[in-house]
Each structure stands twice: as C-alpha cells, then as structure tokens.
Amino acid sequence: MNNPSIVYFTKDLSPKGLHKVYSRINGNITGKVAIKLHTGEKNGPNIIPSTWVKEFMAGEKELAGATIVETNTYYEGDRYTTEQHRETLKVNGWDFCPVDIMDEEGTVLLPIKGGKWMKEMSHGSHMLNYDSLLTLTHFKGHTMGGFGGSNKNIGIGCADGRIGKKWIHSKEGSDDMWSIAQDELMERISESTKATIDYFGKHNAYINVMRNMSVSCDCEGTDAMPVVTPNVGILGSLDILAVDKACVDIIYAMREDEHHDMVERIETRGGLRQLSYMKELGMGNDQYILVDLDNNEAHILPKDAVKNLKPFVSA
C-alpha cells in the first residue's frame, strides 16, 4: 500500500485560512502561476469571495503576479462568449488582477495518458503560458457531477468551451448536448483533469473551500438551491484525489439532517465515480493523513473511518 498523502485542514474560513493551508503546499508553485477558480455566473451568492482571494494573493510572494484563469462555457449564459465572460467577471469582483480566458485565442490539445474514452483533451491555448497551477475550488454539489471539487474545477473548467467541453458532455452525433451517461461523464471529467495535471507535473497544488455548500454548482448563479450543509473549513493538498476524498468523507461524517441533501445529490449523480476513477488512473491516493493546522494534530484516516472526521465539522 502506498504511504498516505497529506491533507491540511483549518476551520478558519478567511484569507488567513487560505494562507495557513497554502503555506504548507506552495513549495513547487513557481514561475508564472495560474490560479484556476470558478468565478461564477453573475451575482452568484456562494462563490469564494473575491475580496478573500484578493487579500490572499497580495500576501503570497508566489502569487503577487499570478493570473486567474478560466474558459468560456459550453452552455449559453453569462460566460458563453469572451465578451459576456469579461462583463460577468467585473460584476462578481474579479477585476483586481489579470484574468485570462484561456480559450479566447484558440485551443491546444494535450495527451490523456491511460484514458479509455479520450486520448487527448482540448484546452484553452493560453494554458501553455503558465509554469504552475494552483487550483482554488469552492467545494459544493453539482447538478451533473454530484459534487464539484478540484477534479471538476479542472476537468470542466480548463477544457475549452466549444470543443473540450463538448467531448466531455456530448455523444458524437447526438442532438442532446448533455447526452453522456453518469459514470462515463465522471470518467471523462477525470480524464480531462489528468491531461491538465500531467502537463503541470509537480507544479500543482489544490485548495478546497467548504463554505456555502449548496447542492447546486456556481454555474447556476442566483438560481442555486439554498445552502443546507454546514460550513466546514479549508482543505489543501498536493494530491487531488486525497483532497477531494477528504471533503467527501467530511460530508458523509455529518449528521443525517446536515448531509442528507448533499449525499443524495452525490449518489443520484454517481459522483463517487470521480474518486474511484481518479484512483484507477493513478491520479492520487485515497488514503490520507488529515493534519489539523488549528490544533497541530495529525489524524490517520483509513479508507472507511470517516467517523474520525466528526470533530472537524462545524457545529
């Protein structure tokens, strides 16, 4: 069995909390840095606050000149075209630093090693302009993916809006743009992610913010379902599978009344297949040690011992 990966945790939902976690995983964030955020549809109530990100970036030497990166959407909405996307960025407060819509000037193909559905993924061409990728994710539910963690943020969010996202969501020749079945969709999302993280290699780091967790994605904007899941905190790792699995484990460790809606969303969409397929692709480790940065404690969490996470869930 591989040694467990390390996942860092703090209950501090603030720019200081982001720093506390990032400072443990930033060793290989060098050169020109891309920060992959889901910047949200107009006036979305649950996105990571742009004021947090502004303060966080200003306090980190590696991120002082970093660029937030996004791609246009596959569906028609507030971020479908580059012009619409840039207007939405202003509305949501993402105008304090450069934001690169990576597919604005075309696409690039990157290989998917070991993929069974796809052998390459179409990304925004500007991805090649960066040396490191910090994936900063608002962890929440997702209408199609069950949950949206770092895997979904990269897999959908770095695929370009016209080609890559179509390969993930649509069967060839189908008139239904959402025609890929559940398990296959989870697998295609993960394969897309693999192309990105393989490209950046050791220059990847992942932060998931468990706050304002609706069962809806931030792509639903003001139409998102109400938040019924308690806030938890911020988790970070150099292992994408470990950090996403830790977040899912925390959800499952909550009381029934706290996690019912989120668990139902995950399971009715087959969302756990994201985790098992990432493991099959060799993208990370589902065994991890959770390091509580608030109390300087480390907890080894066997695969099924989610009960040990309960002390970390906010009351």
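Each value in this text was obtained by applying a stated rule to the coordinates, not by laboratory testing. It should be emphasised that the depicted structure is a prediction, and the values quoted were computed from it without experimental measurement. For neighbour counting, all protein chains shown are included, and Cβ atoms are generated from backbone atoms with ideal geometry for every residue, glycine included.
Rounded to the nearest 5, what % of DSSP beta bridges with both residues in region 5-312 are antiparallel? Just about 55 percent of them are antiparallel. Past 26 Å, Cα to Cα: identify those pairs from K16/K194; K11/K32; K54/K166; K113/K245; K16/K113; K20/K119, in the order given. Pairs exceeding the cut-off: K16/K194; K11/K32; K54/K166; K16/K113; K20/K119.
Summing +1 for each Lys or Arg and -1 for each Asp or Glu, what net charge is found among the other residues whose Cβ lies under 14 Å from the Cβ of V215?
Residues close to V215 contribute a combined charge of -3.
When the Gaussian network model of the chain links Cα atoms closer than 10 Å, the mean-square fluctuations of N153, N285, N295 top out at N295. Neighbour counts of C-beta atoms inside 10 Å place S237, S214 in the sequence S214, S237, starting with the fewest.
Legend: ranking of residues M225, M213 from fewest to most surrounding C-beta atoms inside 10 Å; resulting order M225, M213. Counting Cα-Cα pairs of region 105-232 in 5 Å increments starting at 0 gives whole-percent bin shares of 2, 11, 19, 22, 20, 15, 8, 3, 0.
The packing ranking, built from the mean of other Cβ atoms within 10 Å per residue, places the peptides 132-138, 263-269 in the order 132-138, 263-269, highest first.
Sorting the segments 172-183, 75-86, 139-150 by their residues' average number of neighbouring beta-carbon atoms within 10 angstrom, most packed first, yields 139-150, 75-86, 172-183.
With the charge dipole of the chain set up from +1 on Lys and Arg Cβ and -1 on Asp and Glu Cβ about the Cα centre, the Cα lying farthest toward the positive end among the listed residues G65, H38, G77 is that of G65. From most to least packed by mean Cβ count within 10 Å, the peptides 198-204, 41-47, 26-32 give 41-47, 198-204, 26-32. When DSSP beta bridges are restricted to pairs lying wholly in region 44-155, around 75% turn out antiparallel. A quarter of the convex hull surface defined by the alpha-carbon atoms of region 93-137 gives 4.6 nm² as the mean projection. Ranked by how many other Cβ atoms sit within 10 Å of their own Cβ, fewest first, the residues D100, D249, D257, D131 fall in the order D257, D131, D100, D249.
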